[in-house]
1. When residues of the stretch 280-321 are filtered for being assigned to a helix (DSSP H, G or I), basic (K, R) and over 27 Å from L209 (Cα atoms), how many remain?
2. Confirm whether A100 is over 27 Å from the mean Cα position of the chain (by Cα) and either open to solvent by 50 Å² or more (accessible area, probe 1.4 Å) or not charged (D, E, K, R) (or both).
3. Provide a single number: the residues in the stretch 116-147 that are open to solvent by 20 Å² or more (accessible area, probe 1.4 Å) and of a type in the set (A, V, I, L, M, F, W, C).
4. Being small (G, A, S), buried (at least 19 other Cβ atoms within 10 Å of the Cβ) and in contact (Cβ under 8 Å) with a residue 60 or more places away in the chain is the requirement here; does A52 meet it?
5. Go through (1) closer than 19 Å to L75 by Cβ; (2) surrounded by 22 or more Cβ atoms within 10 Å (Cβ to Cβ); (3) in the same structural domain as Q265 (by the TED database) and name the single condition Y108 misses.
Amino acid sequence: MNKRHRLAFIACALLAPGLAWAQSSQWPSKPVRILVGSSPGGGTDAIARIVAERLGAAWKVPVMVENKPGASNTLAVDATAKSTDEHTMVMGVSTAHAIAPYILRLPYDNKKDLVPVAFVGSVPNVLVVNNDLKVKDVRDLIALAKSKPNDLNNASSGSGSTQHIAGEIFKEVTGTAIVHIPYKGSAPALIDVMGGTVQMSFDTLASVLPHIQTGKVRPLAVASAQRSPKLPNVPTMAEAGVKGAEMSAWYGLYMPAATPKAVQQRVHDEVTKLLAQPEARKRLESIGTEVTPMSQTEFIAFHDKENARYSELIKRRGIKAD
């Protein structure tokens, strides 16, 4: 390298931090989209709207939630992965980012096309049943399912969702035969549970809590290690006699991998700030979210660990998309 090239290299190195800062400080320069891979009214949608409202206020630009339901939440992920405007992100959920890659043929590369940016939290799944179903607890449900193989239906927000996986694990652990019915999101699935078209669901607490509180569905167990503070009288699956059936969904913002690092950092820092705000945290916790902020490095490591866990689980149990 000659002297002229050396000086140019040094100049670029000195300017780089300033350019990154300028890029970050000037972003967002237009409205931001947060895509959601499920229908309005579900848990992912509720969490995205709380986050969007706070980010919009902080950035002084509209932050719009756009629903693209279907294909185990991956339609929204695909649209985000292919976006080039630096103003599109997706409210990622374990369904799309750690489960779907191992049961669906995806039009994007889960490892290369997106980057985890800001973790929000996790929500346990809850086994709920239609009010007219003649069971009082999980043991009754198991007995009914065994007496009538393939007569009961389990609604999920889509093939490969945590609801689907939780149901498959439940069937294997209990030796029951229950039919999986996938929907395009939690909202339409729960409508049919409440209406009696299907009898049960292992949906997330964020989605089912309002319906439990209004008495439209009946909770039998939470699929977490500990009881939920929102449902203190509802036993865990283990307490109900079913061990090895724990399941929770987690949520976080993902952006296209080509998004400048400075922009990723800005999004991460702003989400971390809003998660520390008492009112925002209270709203998230009110729908059953366990708020657990992470650094971006921690989120990336968590994403990789969850992918390894679900990949092994799906392969071991032979779970497939319906």
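1. Step one: of the stretch 280-321, the residues assigned to a helix (DSSP H, G or I) are 280-286, 296-317.
Narrowing the set further to residues that are basic (K, R) leaves 281-283, 305, 309, 315-317.
If we keep only those that are over 27 Å from L209 (Cα atoms) as well, we get 305, 309, 315-317.
The number of residues fulfilling the criteria is 5.
2. On the way: over 27 Å from the mean Cα position of the chain (by Cα): no; either open to solvent by 50 Å² or more (accessible area, probe 1.4 Å) or not charged (D, E, K, R) (or both): yes.
So A100 does not fit the description; no.
3. Total satisfying the criteria: 4.
4. Details: small (G, A, S): yes; buried (at least 19 other Cβ atoms within 10 Å of the Cβ): yes; in contact (Cβ under 8 Å) with a residue 60 or more places away in the chain: no.
So A52 does not fit the description; no.
5. (2)
The values are calculated or read from the model by the stated rules, or taken from the named source; none is laboratory data. Since the structure is predicted, the reported quantities are computational estimates derived from the model, not experimental observations. A quick note on method: Cβ atoms are made from the backbone with ideal geometry, for glycine too, and the neighbour counts reach across all protein chains shown. The area values use the complete protein model at the heavy-atom level, side chains included, leaving out ligands, DNA and RNA. Shrake-Rupley method; radii C 1.70, N 1.55, O 1.52, S 1.80 Å.
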